[in-house]
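The values are calculated or read from the model by the stated rules, or taken from the named source; none is laboratory data. Since the model is a prediction, treat every value here as computed from it, not as a measurement. A quick note on method: Cβ atoms are made from the backbone with ideal geometry, for glycine too, and the neighbour counts reach across all protein chains shown.
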Amino acid sequence: MRRLDLFEFHDQPWLPAPIGESVVESLGTTLRWGRILRGLVGPFQEFVARTGATEILDLCSGSGMPARLLAEELRRAGARAPRFILTDRSPRREHWEALERELPGAIEHRAEPVDAARVPSELGAGRPRLIMNAFHHFTPRLAKEILEDAARSSGGIFIAENFERNPLRTFAPGFYGMPAAFANPALATKNRWSKAALTWLVPVVPAAVAWDGLVSSLRVYSEEELRGMVAHLPHLEWVYGTFAFWPLGRGMYFFGARRAGGAA
């Protein structure tokens, strides 16, 4: 099916903070409870090996949970885990500082806002990039520019989404996502009472989570679209694949790095 660039609630600047925070926090809990990122360990290991990365610039970090969970999964598998540098256009400093304390040496953050489409050269140069569950938010023009800039100045980029472009695939993340949304007021560290009211009394948050999950699946780029964006960047090898998680979940990844056994 063709890509539909519909709106997501947590993209909107007018959205009250407790709702936007709840959507992002629920996604992090979904990834944790479903162990969704475990299937990315192998592909990400290959990416790190090809780029030789000791640091990864994590763009659109959100709560920081995706990077944290990927670091934990790498360590669990006995793999070398690079340091993840968290950045976002709307930094979540409290979350990130807590992660730094929990995983010293594995997680760092930048306190200033960073736009993934306009990464400052002093921050992005030489650091391979990571975008998890956020690349679908960018228009085709910006998505192409992000890939071009990463290929030109950082030596590689790794993109992952929880599903391919198929609304039926939202069932698997939703299996964890709805319980995560309803549990979030009890798990949150700020705005708990507001989140409780907007989740348990008036279920605005679960509705926003369900809508954003469905729309996300309709905005994910296909393999053909992604390869079209990088067809003029043959100095890197571009790899597309999928990874599975229970129950019946299937996410996608796409990365560009130096060719196996060769120079970039």
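A few remarks follow.
- The criterion of being in a helix (DSSP H, G or I), at pLDDT 95 or above and out of contact with any Cys (no Cβ under 9 Å at 6 or more places or on another chain) does not hold for LEU99.
- Check on ALA117, closer than 25 Å to GLY241 by Cα, outside any loop (DSSP other than H, G, I, E, B) and at pLDDT below 95: no
- Subset of the stretch 243-260 (residues that are assigned to a strand (DSSP E or B) and surrounded by 15 or more Cβ atoms within 10 Å (Cβ to Cβ)): PHE243, PHE245, GLY249, ARG250, GLY251, MET252, TYR253, PHE254, PHE255, GLY256, ALA257
- Residue satisfying condition, being within 22 Å of LEU40 (Cβ to Cβ), buried (at least 18 other Cβ atoms within 10 Å of the Cβ), of a type in the set (A, V, I, L, M) and touching a helix residue (DSSP H, G or I) at 6+ places or on another chain (Cβ under 7 Å), within set ALA208, ALA172, ALA180: ALA180
- Sole residue being in a loop (DSSP other than H, G, I, E, B), within 28 Å of PHE175 (Cβ to Cβ) and not polar (S, T, N, Q), chosen from ASP5, ASP58: ASP5
- Leading residue by the ranking (farthest from ARG129 (Cα to Cα)) among those in the stretch 8-55 that are of a type in the set (Lys, Arg) and in a helix (DSSP H, G or I): ARG32
- Those residues of the stretch 69-96 which are in a loop (DSSP other than H, G, I, E, B), under 30 Å from ARG141 (Cα atoms) and basic (Lys, Arg), in sequence order: ARG89, ARG92
- The stretch 188-198: number of residues that are modelled with pLDDT of 95 or more and not basic (Lys, Arg): 5
- Residue check, ALA106 touching a residue at least 12 places away in the same chain (Cβ under 8 Å) and within 19 Å of LEU233 (Cβ to Cβ): no
- Any hit, the stretch 227-241, residues being closer than 15 Å to LEU27 by Cβ and more than 16 Å from the chain's Cα centre (by Cα): no
- Filter pass, LEU201 being closer than 18 Å to ILE131 by Cβ and among the hydrophobic types (A, V, I, L, M, F, W, C): no
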